[in-house]
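Down below is the structure, laid out as structure tokens.
Derivation of every value follows stated rules applied to the coordinates shown; laboratory data play no part. Since we're looking at a predicted model, the values are computed, not measured. Glycine gets a Cβ as well: all are built from the backbone with ideal geometry, and neighbour counts include every protein chain shown.
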């Protein structure tokens, strides 16, 4: 088996027998330095990531536009299968925005996208409510990006953050006030 | 996310990087490109990252491939599920170059042994003294060189302390 240097048969304290496979450590030989990737490389990488920030704005715009386009498709999906496919697409885009937002200095995008991901996992949620929330959250992220609301975004950012969280709570339990009450806030 | 990861890896001096946008593509890349390390996202089109890890461990050409999972969630439930699936290391999002550097170095400098039992196949995630791992490696590697394919270099009946 690839990477295997050898193995032992062992017995656990509870008496279970298992094989412990020793992995060859030949990756070390591929490294220029014996200590692996040096700490300095992380600093250089951080600078490279910072240079990507402007590009992130463009990626985010594109992703947010794709999310907004999915909203009407949610309402008109002809079958449960296609509805789930649209939700899955929205979840993947939201997941990507969530993962990258904070890395590029936009934690608000991460927070709003997290709420969107939660809402898109609720397969029992009323379709129109889900569509409405998708559209609203996409619009909120667009606002964050267009207004370059880095960091916590100040007072305006706090409003958006609270609104997004309130929507996620309401989506999980619509009996707690309904979408209109939540989104309007 | 792939672009970000690739940028970080390039800054680390890692140039031979292949990307895959689906699990199927990734399995194809494992076959053809024979990577040293795979970095996967928890959520990927068509299946979860955990299902992908299970596929690699269960039926790929390289079942002991080190896999780093990028995840925005680090709940106990996810950590347990990832460990059971056979994830080697985690990096929490937002991904920082330093966190990724540490995990890659861990894989390079202190590769985890693998465990195969009736119900599990994956990296040994128990905390072990590095010296103990080194002792195992010395004991398991025959002086003459690489053990023959399919044979165990050393077999010992031991009681785990």
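Can you tell me the 0 to 90 degree angle between the C-alpha axis of helix A:154-172 and the longest principal axis of chain A, rounded to 10?
Between helix and principal axis, roughly 90 degrees.
Calculated FRET efficiency, residue A:58 and residue A:88, Cβ-Cβ r, R0 22 Å, to nearest 0.05? Before the final figure, lay out each step's value.
Numbers: r = 24 Å, r/R0 = 1.10.
With a Förster radius of 22 Å, E is 0.35.
Given R₀ = 22 Å, FRET efficiency for residue B:31-residue B:118 by Cβ-Cβ distance, to 0.05?
Numbers: r = 28 Å, r/R0 = 1.26.
Computed FRET efficiency for residue B:31 and residue B:118: 0.20.
Using a Gaussian network for chain A with springs between C-alpha atoms less than 10 Å apart, which of these wobbles most: A:19, A:73, A:146?
Highest fluctuation of the listed residues: A:19.
Quick one: angle between helix A:80-101 and the longest Cα principal axis of chain A, in degrees between 0 and 90, rounded to 10, please.
Between helix and principal axis, roughly 70 degrees.
Under 10 Å, Cα contacts only: if you run a Gaussian network model on chain A, which one of A:157, A:117, A:15 comes out with the highest mean-square fluctuation?
Largest GNM mean-square fluctuation: A:15.
Over chain A, with a Gaussian network built from C-alpha contacts below 10 Å, which listed residue (A:23, A:57, A:11) shows the highest mean-square fluctuation?
A:11
Points 7 angstrom from Cα along the Cβ direction at residue A:35 and residue A:19: gap in nanometres?
3.8 nm
Please give the average number of partner chain Cβ atoms lying within 10 Å of the Cβ of each residue in A:97-103, rounded to a whole number. Please report the intermediate quantities before stating the final value.
Details: counts 1, 6, 12, 6, 2, 5, 8.
Mean partner shielding for this stretch: 6.
For residue A:43 and residue A:147, compute 0.36 nm times the residue count separating them, minus their Cα-Cα distance, and round to one decimal in nm. List each step's numbers first, then the result.
Numbers: separation 104, 0.36 × 104 = 37.44 nm, distance 2.85 nm.
Additional length available on full extension: 34.6 nm.
For the range B:34-125, just say rounded, prolate or oblate: build the C-alpha gyration tensor, square-root its eigenvalues into a ≥ b ≥ c, call rounded for a/c under 1.5, and beyond that prolate if a/b exceeds b/c, oblate if not. Let's see the in-between values first.
Numbers: a/c = 1.44, a/b = 1.16, b/c = 1.24.
Rounded shape, in that the Cα axes give a/c under 1.5.
Could you list A:49, A:22, A:169 in order of exposure, starting from the residue whose Cβ has the fewest other Cβ atoms within 10 Å? Don't skip to the end; give the middle numbers.
Values: A:49 22, A:22 26, A:169 15.
Least to most surrounded, the residues fall as A:169, A:49, A:22.
Quick check: the angle from helix A:127-146's long axis to the longest principal axis of chain A, C-alpha only, nearest 10 degrees?
80 degrees
If you take the C-alpha gyration tensor of the range A:7-176, multiply each eigenvalue by 5 and take the square root, what semi-axes do you get, largest first, in whole Å? Mind dumping the intermediate values first?
Details: eigenvalues 302, 143, 49 Å².
Those come to 39, 27, 16 Å.
Between residue B:79 and residue A:2, what FRET efficiency comes out of the Förster formula 1/(1 + (r/R0)^6) with R0 = 35 Å and r the beta carbon distance, rounded to 0.05? Please report the intermediate quantities before stating the final value.
Numbers: r = 27 Å, r/R0 = 0.77.
That pair, residue A:2 with residue B:79, gives E of 0.85.
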